[in-house]
Amino acid sequence: LKYDIALLNSNISQYQKAYELFAEIAGKEPSNALAFYHAGMNLYKQKNYEKAPAYLLNAARLSSAIRENAYYYSGICYWKTGQYDKAFAKLEYVKNHADSKS
């Protein structure tokens, strides 16, 4: 139920509330890749580019199915914070491994 409430908050642009719930879920369920991913994405939507990559990279480590997407947004976060080497590495990985050109 908490996960669904977090998704609802995200869908109505209540990104801080959604982040807090997803982070709580991730803390209690350290193998829940989607909780980490959504926590990171809600930080990203708040332009909290410094904190988002930690959650996104945890999600990528836990799930190969969301790895490219998590790396893409991590790369954007690194770019926005001036960490260009890290940004290049993540975006290059996406370029070389993504199933879709877009």
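The values are calculated or read from the model by the stated rules, or taken from the named source; none is laboratory data. Since we're looking at a predicted model, the values are computed, not measured. Note that we place each Cβ from the backbone using ideal geometry, even for glycine, and neighbour counts take in every protein chain shown. The accessibility values were calculated without ligands, DNA or RNA, using every heavy atom of the protein model including side chains. Shrake-Rupley method; radii C 1.70, N 1.55, O 1.52, S 1.80 Å.
For the set Ile12, Ile66, solvent exposure ranked by accessible area (probe 1.4 Å, protein chains only) runs largest to smallest as Ile12, Ile66.
Put the Cα centre of segment 1-33 next to the Cα centre of segment 40-99 and the gap is 18 Å.
Axis angle, to the nearest 10 degrees, between helix 2-11 and the longest C-alpha principal axis of the chain: 60 degrees.
Other residues with beta-carbon under 11 Å from the beta-carbon of Gln14 carry, at +1 per Lys or Arg and -1 per Asp or Glu, a net charge of +1. Only one of (i) 152; (ii) 126; (iii) 94 was calculated from the structure for volume of the Cα convex hull per residue in Å³, and its label is (iii).
The residues packed around Ala60, meaning those with a beta-carbon under 11 Å from its beta-carbon, carry a net charge of +2 if Lys and Arg are +1 and Asp and Glu are -1. Positive contributions from Lys and Arg (+1) and negative ones from Asp and Glu (-1), summed over other residues with Cβ under 13 Å from the Cβ of Pro30, come out at 0.
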